[in-house]
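Input: a single structure, listed below in structure tokens.
The values are calculated or read from the model by the stated rules, or taken from the named source; none is laboratory data. None of the values given here were measured: they were computed from a predicted structure. Positions of Cβ are generated from backbone atoms using ideal geometry, with glycine treated the same way; all protein chains shown enter the neighbour counts.
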Amino acid sequence: MSLLHTIKSQWYKRQLTQPELADMFAPPPEKQWVAIDCEMSGLNPKKHHLLSIAVIHINDNTIDMGNGLHLVCRPPVMPTAETIVIHGLRPNDVEHGISYDEMLALVLPFISNRPIVGFCPQIDMAFLNPLAKQYMGTPLPNPVIDIRELYNRRTGNRTEGVSHHGQHLSQILTKYNIPDMGSHDAYNDAIMTAMAFLHLK
């Protein structure tokens with residue numbers, strides 16, 4: 001863990017309003033990560049909303065698929081027909097979802113101090129961090145690993161790598177013969193992200 005991350009983590013810890021989450025600020029464990037994927041009503045966190053989230057532990061070279069979380073949330077605004085074709089979540093699916101605070105009460109202890117692994121996780125974090133800050137007084141302090149960046153470093157060529165969000169996780173899956181379980185389902189995407197990470201870490 002870098003000195004900058006340590007300093008930032010300690011500063012965040014002083015803002016914490018949920019003392020039971022203090023373990024999140026401990027140094028990351030060795031060979032333990034958490035794969036994460038979110039489905040949102042769009043990509044702009046200022047006007048769109050989190051709809052579902054999946055988190056799965058990665059322990060050394062094992063994905064703990066039997067012990068993950070896949071939660072559907074109730075957003076303040078119901079998804080529209082234009083976005084349903086992307087994420088597949090209808091108003092009927094999310095109107096009985098749990099609140100953001102209920103989701104965070106489950107997800108944050110599950111993440112704990114593990115580094116977060118995702119595909120373009122900066123977008124997921126842009127939705128999660130404001131909710132976390134409202135809930136516990138601080139954004140998530142965890143290191144964040146983008147498997148897209150790992151892949152680009154592995155290929156050594158930005159033009160052949162996955163250089164932006166418009167390019168898809170499926171490229172990495174194809175490269176390493178990882179089965180495509182179907183995208184835009186948070187749990188499937190989290191599992192595929194975890195499998196890709198095991199090839200790239």
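Looking at Leu89, Leu43, just one residue is in contact (Cβ under 8 Å) with a residue 12 or more places away in the chain, under 22 Å from Leu169 (Cβ atoms) and surrounded by fewer than 14 Cβ atoms within 10 Å (Cβ to Cβ), and that residue is Leu43.
Would you mind stating whether Val55 is under 21 Å from the mean Cα position of the chain (by Cα), under 27 Å from Met195 (Cα atoms) and free of Cβ contacts under 8 Å to residues at least 40 places away in the same chain? No, not satisfied. Residues that are crowded, with 19+ Cβ neighbours inside 10 Å, touching a strand residue (DSSP E or B) at 6+ places or on another chain (Cβ under 9 Å) and assigned to a helix (DSSP H, G or I) within segment 173-194 comprise Ala186, Tyr187, Asp189, Ala190, Ile191, Met192, Thr193, Ala194, listed in sequence order.
Among the candidates Val77, Val94, the residue that is on the phi < 0 side of the Ramachandran plot, buried (at least 19 other Cβ atoms within 10 Å of the Cβ) and at pLDDT below 95 is uniquely Val94.
Per-residue answers, yes or no, for (1) within 22 Å of Lys201 (Cα to Cα); (2) touching a Phe, Trp or Tyr at 6+ places or on another chain (Cβ under 8 Å); (3) among the hydrophobic types (A, V, I, L, M, F, W, C); (4) touching a residue at least 12 places away in the same chain (Cβ under 8 Å):
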site	(1), (2), (3), (4)
His5	yes, no, no, yes
Trp11	no, no, yes, no
Ile36	yes, no, yes, yes
Lys47	no, no, no, no
Asn61	yes, no, no, yes
Leu69	no, yes, yes, yes
Val72	no, no, yes, yes
Val77	no, no, yes, yes
Asp93	no, no, no, yes
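Consider only pairs whose beta carbons are under 6 Å apart and that are at least six residues apart or on different chains; among these, list those whose first residue lies in segment 129-144 and is part of a helix (DSSP H, G or I) and whose second residue is polar (S, T, N, Q). From residues that are part of a helix (DSSP H, G or I), the pairs are Met136/Thr17; Met136/Gln18.
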